[in-house]
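Every read-out reported here was derived from the displayed coordinates using simple, explicitly stated rules and does not represent laboratory data. Worth saying up front: this structure is predicted, and the values here are computed from it rather than measured. Every residue, glycine among them, receives a Cβ derived from its backbone with ideal geometry; neighbour counts consider all protein chains shown.
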Amino acid sequence: VSDGQAPGFVGRRPVLVTGGAGFIGCNIADRLAADGHDVLVYDALARAGVEANLDWLRRRHPRRVSAAIADVRDEMSVTAAAREASAVFHMAAQVAVTTSLVDPRDDFETNVRGALNLL
Ligand SMILES: NC(=O)c1ccc[n+]([C@@H]2O[C@H](COP(=O)([O-])OP(=O)(O)OC[C@H]3O[C@@H](n4cnc5c(N)ncnc54)[C@H](O)[C@@H]3O)[C@@H](O)[C@H]2O)c1
């Protein structure tokens, strides 16, 4: 999702990175912040240990990175974050196959409904 601004444009509206504390998301956020973008990390910290990634991002980019500790299943919250964003990278997901087998409904809610909430 993008507002059509030219790549590299540095504006006031942040780039939203859902799952921005995760493995891929934190590296996207790091690159965006290094390129001068303000970044809003939106992450429920559902995956154990990802707080360390968020701490790392905040240390590297104290003025560029902010965080919303929130769930993509929270439609109002994620819709509001997306509305304010100049672009969206959607990386939030429940990725463990084992967890998916134990509770496929929860998996669906996060990975399908969570994504639909951004549209
Ligand atoms: N890592 C890979 O090699 C790889 C390869 C191909 C595709 N992918 C896909 O890229 C995406 C991200 O993968 P990753 O490796 O960074 O996973 P990850 O588990 O490291 O990151 C996912 C992030 O989403 C967050 N999250 C989980 N449920 C949430 C919820 N309900 N609301 C908000 N945040 C939530 C987690 O806390 C975590 O920080 C996934 O869709 C994955 O399937 C990953």
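Things worth noting here:
- Distance between modelled label sites at Asp55 and Leu116, nm, 7 Å Cα→Cβ extension: 3.8 nm
- Contour excess over end-to-end distance, with Cα ends at Thr98 and Arg31 and 0.36 nm allotted per residue: 21.0 nm
- Long-range amide H partners of Ala68 with built H, under 5 Å: Val41, Tyr42, Asp43
- Net charge, Val72 excluded, C-beta distance under 11 Å - Lys, Arg +1, Asp, Glu -1: -3
- Convex hull per residue volume in Å³, alpha carbons only, for the chain: 88 Å³
- Using the Cβ-Cβ distance between Arg13 and Glu75 with R0 set to 30 Å, the FRET efficiency works out to roughly 0.90.
- Gyration tensor (Cα) of region 38-99, equivalent ellipsoid semi-axes in angstrom: 19, 18, 9
- Net charge dipole, region 80-119: roughly 140 debye, given to the nearest 20, about the Cα centre with Cβ charges of +1 for Lys and Arg and -1 for Asp and Glu.
- Highest average packing first - 49-60, 67-78, Cβ atoms within 10 Å: 67-78, 49-60
- Taking amide H atoms as placed 1.01 Å from N in the peptide plane, the amide H of Val15 lies under 5 Å from those of Asp38, Val39, Leu40, Ser86, each 5 or more residues away in sequence or on another chain.
- Positive-end residue of Ala67, Ala96, Asn117, charge dipole of the chain with Cβ unit charges: Ala67
- Basic side chains Lys and Arg get +1 at the Cβ, acidic Asp and Glu get -1 at the Cβ, and with that the dipole of the chain about its Cα centre reaches some 440 debye.
- For region 62-106, size of Cβ-based charge dipole, Lys and Arg +1, Asp and Glu -1, in debye: 260 debye
- Computed on the chain, with alpha-carbon pairs under 8 angstrom and 6+ residues apart, the relative contact order is 31 percent.
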